[in-house]
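Presented below is the structure to which this report refers.
What follows draws every value from the coordinates through simple rules; no lab data is involved. Keep in mind the model is a prediction, meaning the values are calculated, not measured. Neighbour counts run over all protein chains shown; Cβ positions are idealised from the backbone, glycine included.
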Amino acid sequence: MPPVTKPELRKTIRERLVTLSFEARAEKSAAICRAVSQTPEWQQARTVGFFSPLPEEPDVNLLWTMPGERVVCYPRVDGEHLLFLRVPNRETLVESGRWNLLEPLHSDEFLVLPLEIDLFLIPGVAFTTDGHRMGRGKGFYDRLLSRTGLRAALFGICFAEQLVSGLPREPHDRPVDRVFAA
C-alpha cells in the first residue's frame with residue numbers, strides 16, 4: 001500500500017533519490033533541460049523563473065546555455081513568500097537562507113513581479129504525471145501559484161523517481177501545466 005501522508009511520502013521519495021549516483025543525476029538533469037528547451041513555452045518565454053536545486057533535485061542550470069534572449073529570475077525567500085529577482089549571470093547568486101540555497105542578493109531594482117514571468121520552473125518532492133505536486137512542506141510555491149492573474153506556464157521539474165500515481169491534496173494545491181522527468 002502506498003504512503004498516505006505527506007511526511008511518509010516525502011520519506012519514501014528521499015529514500016528513492018539517495019540511490020541515484022552523481023552521474024545519473026547529471027544525465028537525467030541534462031535530459032530534462034533538453035526536453036524543456038524544446039517546448040514552445042520555453043522558446044517563447046522572455047522571462048523565466050528558475051529555482052536553485054537542492055542536491056537531490058534536478059539541476060536546471062544547463063538551461064542558461066540554451067539559445068535565446070530571456071530574463072532569468074531566481075527566488076529569494078522573504079518571510080513566508082518568494083521574491084523573484086533578475087539575475088544577469090549565475091555568479092551573482094550567493095549561498096544564503098536556512099537551506100543554503102543559492103539566492104540572488106535583494107535589490108529592488110532587480111525585482112520581477114510574478115505576473116511578469118512567462119514560465120516558472122517548479123521544484124517538488126513528488127509529482128503525478130497529470131501535474132499535481134507535493135512540495136517540501138513550507139508552502140512557498142503554493143502561495144506563489146495561488147496568486148490571482150498569474151499567466152506563466154508552470155513546468156514541474158523532477159526525476160522519474162519522484163513520479164507517483166497519486167498525492168494527498170489540499171484545497172490550496174494548484175497543479176502545474178506539465179511535468180518534466182527523466
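Annotation: amide H-H contacts under 5 Å for residue 111 (H modelled 1.01 Å from N, sequence separation of 5 or more, or interchain): 86.
A cut-off of 5 Å between modelled amide H atoms, ignoring neighbours fewer than 5 places along the same chain, links residue 126 with 134. Helix 22-37 versus the longest principal axis of the chain: what is the Cα-based angle in degrees, 0 to 90, to the nearest 10? Orientation of helix 22-37: about 60 degrees from the principal axis.
Taking the number of other C-beta atoms within 10 Å as the exposure measure, put 66, 134 in order starting with the fewest. Don't jump to the answer; show the numbers that get you there.
Working: 66 14, 134 22.
The order, fewest Cβ neighbours first, is 66, 134.
Couplings 3J(HN,Hα) for segment 110-124, derived from phi with the Karplus relation 6.51 cos²θ - 1.76 cosθ + 1.60 (θ = phi - 60°), are 9, 5, 10, 6, x, 5, 8, 8, 8, 8, 10, 8, 10, x, x Hz, where x marks Gly and Pro. The phi-based Karplus calculation (6.51 cos²θ - 1.76 cosθ + 1.60; θ = phi - 60°) puts the 3J(HN,Hα) values of segment 76-90 at 10, 6, 10, x, 9, 10, 9, 9, 9, 10, 5, 10, x, 7, 5 Hz, whole numbers, x for Gly and Pro. Seen against the Cα atoms of the chain and their longest principal axis, helix 6-17 is set at about 80 degrees. Hey, in the GNM for the chain with a 10 angstrom Cα cutoff, which one of 36, 94, 125 fluctuates hardest? Most flexible of the set in this elastic network: 94.
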